[in-house]
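Each remark here refers to the structure printed beneath this line.
Every number here is computed from the coordinates shown, using simple stated rules; none is lab data. In this text the structure is predicted, and so the values were computed from the model without any measurement. Heads up, the Cβs are rebuilt from the backbone with ideal geometry, glycines too, and the neighbour counts pull from every protein chain shown.
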Amino acid sequence: MYLIKKIAWMAIGLILFFAPVTLSTELTPKAGGMENTTIHAQKHLPYVPGRILVKYRSAATAAAKTDMQTLYGLAVKKEIPSIGTLVFKLPEGLDVKTAVRQLRDDPRVEYAEPDYYAHPEAIPNDPAFSTQWGLNNTGQVIGGVAGRPGADINAPAAWDLTVGSDSIIIAVIDTGVDIGHPDLRPNLWVNTGELAGAASFDDWQPNGLDDDGNGYVDDIVGWDFFFNTNNPNDESKKFGGHGTHVAGIAAARGNNGAGVTGVSWAARIMPLAAMDYNDGGLPISAVAGALGYAEQMGAHVINMSLGLYQDSHTLRNAISAVQHAVIVCAAGNDGTDNDVRPHYPSGYPNANLIAVAATDQFDHRVWYSNFGAASVDVAAPGARIYSTYSRFVDASGYTFLGGTSMATPMVAGLAALIRAGNGTLSPVQVVSIIKGSVDKRPSLSGRVSTGGRINALQALRAAGVGGGGDSGGGSGGCFIRTLQSVH
Ligand SMILES: [Ca+2]
Ligand SMILES: [Ca+2]
Ligand SMILES: [Ca+2]
């Protein structure tokens, strides 16, 4: 589950186009990908070595904080401003467990904890035939299996009501996004407050200034919260690809004659990279920083196709600090009951958060999908899902993947459609509408709280989105519903 490996690339005629990978040269390179650490331990540590997360009690004075940092030899590595939590670098000879144990007993400290890794929730999948059955299941053969017609989210009918709007922002907290991908670039979020006179991102040059005063210098198209750079590209050959796949499921450009379409054709993708290139995991400190940025910069939906089994004050607080976005979380891929073995962030009880299990072409829960009658809300297609892929990893730019990671952006895309179609709804109302409009299925009964798989058409109707054609509320585009064949 940790590794997202590219599997055989079998289908003839699957190559939709080939484009050279071009890293926008204005963005800060992430070359090397190493932090200032000499630790090269085995892969998939439970937490980042050599650092801890600490929040002081509000009563702690500046002098008391300085004393404590001197006593333990702590150096501030960075701050997560949205929740007032500090990332400390530990001195040589002080290990994470010892530091946490000692600091938890310190009266100045509200909490101290390791910087746990979350992991992407995708698993490899065998491609054979290219088609997006999750959006429209006609019984087509995928991976040698003919599905059940109608076991899909009913997207084509939903697109009669709205195909989305470019005023809606979907933040993708993940490995990054291949921002130059032709099927994503048209929908890439651009921070207009950093344009500094440039007409568009194409003409933009960095000026070394934080033009919009949001605390991030030259954050023109998002941020990398692990490397602390303005380059959120999904460019790790070893661990990359996942975020680009997720972004495409939610919001690849629709009706552009290329590749695939997202559930939402026109929402803006805000890439927020959070992956440690040493490990392939996503440190909670980086994920929490990304959550704060998404909220600060007005994201309407946050996609979190990641998770871990460790509760964390930092992650819990960062989730709770998000008030304006729908947070969509993967339930996990161990085939286990999250009511028994809690999984995070999917298991947090926030009313603007929705936890997603994965179904297959037959509307059955996929064997590897976690479930939970209380702790998982809905299911969505998450097996043999075809989407955009990082060209840094595979030059073709598309692949199949499966996992609750893939089911999650189906729901994120739907949340974006709902928010495009009805701007008066709160995030909590959007979650409630998605949960209340599922197609109930026997295999999901007692497995997810709603007992069903999402239905985009029913959700849009329940949200009061009506009329034909584009009701995108600001998209200004005149989309037709014709889709490009991908095979
Ligand atoms: Ca800025
Ligand atoms: Ca700037
Ligand atoms: Ca497309």
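For Ile269, nonlocal amide neighbours, meaning residues 5 or more places apart or on other chains whose placed amide H falls under 5 Å from its own, are Ile170, Leu188, Trp189. Pairs with C-alpha atoms separated by more than 27 Å, drawn from the list Lys30/Lys78; Lys77/Lys97; Lys30/Lys77; Lys30/Lys89; Lys97/Lys237; Lys97/Lys238, are Lys97/Lys237; Lys97/Lys238. Working ranking of peptides 191-200, 303-312 by packing, defined as the average number of other Cβ atoms within 10 Å per residue, highest first, is 303-312, 191-200. Each residue, Asn228 and Ser443, gets one label point 7 Å from its Cα in the Cβ direction; the gap between the two is 4.7 nm. Neighbours of Ser449 by Cβ distance under 14 Å: Lys/Arg scored +1, Asp/Glu scored -1, total +3. Exposure proxy shown here: for Thr404, Thr131, the number of other Cβ atoms within 10 Å sets the order, fewest to most, as Thr131, Thr404. Computed over the chain, relative contact order equals 20 percent, with contacts defined as Cα pairs under 8 Å that lie 6+ residues apart. So who's got an amide H within less than 5 Å of the one on Val448, skipping anything under 5 residues away but keeping other chains? H placed 1.01 Å off N, in plane. Residues meeting the criterion, in which the H sits 1.01 Å from N, are Gly372. The HN-Hα couplings worked out from phi for segment 113-119 by the Karplus form 6.51 cos²θ - 1.76 cosθ + 1.60 (θ = phi - 60°) are 7, x, 8, 4, 8, 8, 10 Hz, whole numbers, x standing for Gly and Pro.
Between Val217 and Ser432, the C-beta separation translates, for a Förster distance of 30 Å, into a calculated FRET efficiency of about 0.15. Working note: Karplus 6.51/-1.76/1.60 with θ = phi - 60° gives segment 392-397 the couplings 6, 9, 9, 4, 5, x Hz, where Gly and Pro are set to x.
The alpha-carbon atoms of the chain, seen along their principal axes, cover 66, 53, 45 angstrom, with the largest extent given first.
Between amide H atoms placed 1.01 Å from N, distances below 5 Å from Tyr111 occur with Lys55, all of them 5 or more places distant or on a separate chain.
Quick note on segment 153-307: its Rg to Rh ratio, both from C-alpha atoms and Rh being the Kirkwood radius, is 0.97. Our coupling estimate for segment 78-91, obtained by passing each phi through the Karplus curve with A = 6.51, B = -1.76, C = 1.60 and θ = phi - 60°, is 6, 10, 9, x, 5, 10, x, 9, 9, 9, 9, 8, 8, x Hz, Gly and Pro reported as x. Taking other C-beta atoms within 10 angstrom as a stand-in for reagent exposure, His245, His313, His300 fall in the order His313, His300, His245, fewest first. Membrane-span-like helices in the chain (whole DSSP H runs, Cα extent of at least 27 Å along the helix axis, mean Kyte-Doolittle hydropathy of at least 1.0): none found.
Cβ-to-Cβ counts within 10 Å put Ser346, Ser396, Ser165 in ascending order as Ser396, Ser165, Ser346, the fewest first.
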